[in-house]
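Let me begin by presenting the structure, written as structure tokens, before commenting on it.
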Amino acid sequence: MMMGKPLQMNRFVRLSTVGSFASLYLYILIVQTNKMSSTLVAVSHGDASRSPSGWGWPTRQDSRYADSSALPTWLSEYFDWHNRMRHKYPGDKILTDPKAPGVIIKNCAYKCGGLHDRLGHLGWDLLLANQTRRILLIHWCTPAPIEHFLVPNKVDWTLPRSSFLDDRLFSNTTKVHIHCDRAVEEWTMLFDGYVEYIQGDAFFTEHVDIAIDRATKGDLKDKKILRYKVLGDDFKLKQRLMERHNESDPISWSDSFSSAFWTLFKPSEGLQRALGDAFKELQLSSPSDYNAPPFYALHVRVRHPRGH
């Protein structure tokens, strides 16, 4: 835990979107646990030799990410490959070029939960992208595009504008929501036929494997875009990584999560200004101000105030 000057608890802190992102911002700065050893995850379960032909999976030495030493090998290599593909197929070519790999989009079209539901299971998101050999993209319809809050840092996960896509997907460039959710329905669901929100044991032990097989060699293989909503169970991810891939780094509860988060995201200019104002109001040093004394972090989680 960061030590130093404690917060003055008599200050009134408003609950807002900025406050939620600030909590996340502070939370991932705190070391969650000791780093765990890592081993290579096969590109596809049960077949370590399968790799995207001609796509050139790089070696660990090619990594160029924040705290990349904290990332397990498979994740570092996925980020390398992801960047190579987006460089090779810039802009909407990642969607329109027949030689480009497919994309898998974690989308929020309507009800998607809070920040943790959307961003707290990055390990699952990245594992799905790796195992389906697709480019991970993130797209929100509500409450606003994710780019209003977070923008790419080292890896570009944004959905490019394209004539290939429905204009309604980008109709929420302001806070006005105009049928973006209906446009998303045109994308094929990775877990078509299975309930993503109510996930029983069979979902993680059977349905995930079925979906990956369909995306890599079945009826979804040639779909340029696949989408999914909420996916996450930290224990199930840890169990799968260990049992299927002999990988001891659980992502969610190791240094890898914060490293992966900062590889993917950085605050938008608007969020950065709001965070700066919040730090100033609370008389705290900015996390980027290494000359200032450190501080305690307080993370408050409350239920939605229904009926109030």
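Here, each number is a calculation from the coordinates, and none is a lab measurement. The shown structure was predicted, so the numbers you read here are calculated from the model rather than taken from an experiment. Reconstructed Cβ throughout: ideal geometry from the backbone, glycine too, with neighbour counts over all protein chains shown.
When the label point is put 7 Å from the Cα of residue 233 along its Cα-to-beta-carbon vector, which residues of segment 127-146 have a backbone N closer than 19 Å? In segment 127-146, the label zone of residue 233 (backbone N under 19 Å from the point 7 Å along Cα→Cβ) covers 127-129.
Extension gain, residue 262 to residue 158, is 35.9 nm, computed as 0.36 nm per intervening residue step minus the present C-alpha separation.
For segment 144-154, backbone phi angles converted through the Karplus equation (6.51, -1.76, 1.60; θ = phi - 60°) give residue-by-residue couplings of 6, x, 4, 5, 5, 10, 10, 10, x, 9, 9 Hz, Gly and Pro being listed as x. In terms of distances greater than 20 angstrom between alpha carbons, the cross-link table entries 93/229; 93/224; 99/154; 99/224 yield 93/229; 99/154. Taking amide H atoms as placed 1.01 Å from N in the peptide plane, the amide H of residue 227 lies under 5 Å from those of 105, 188, 189, 190, each 5 or more residues away in sequence or on another chain.
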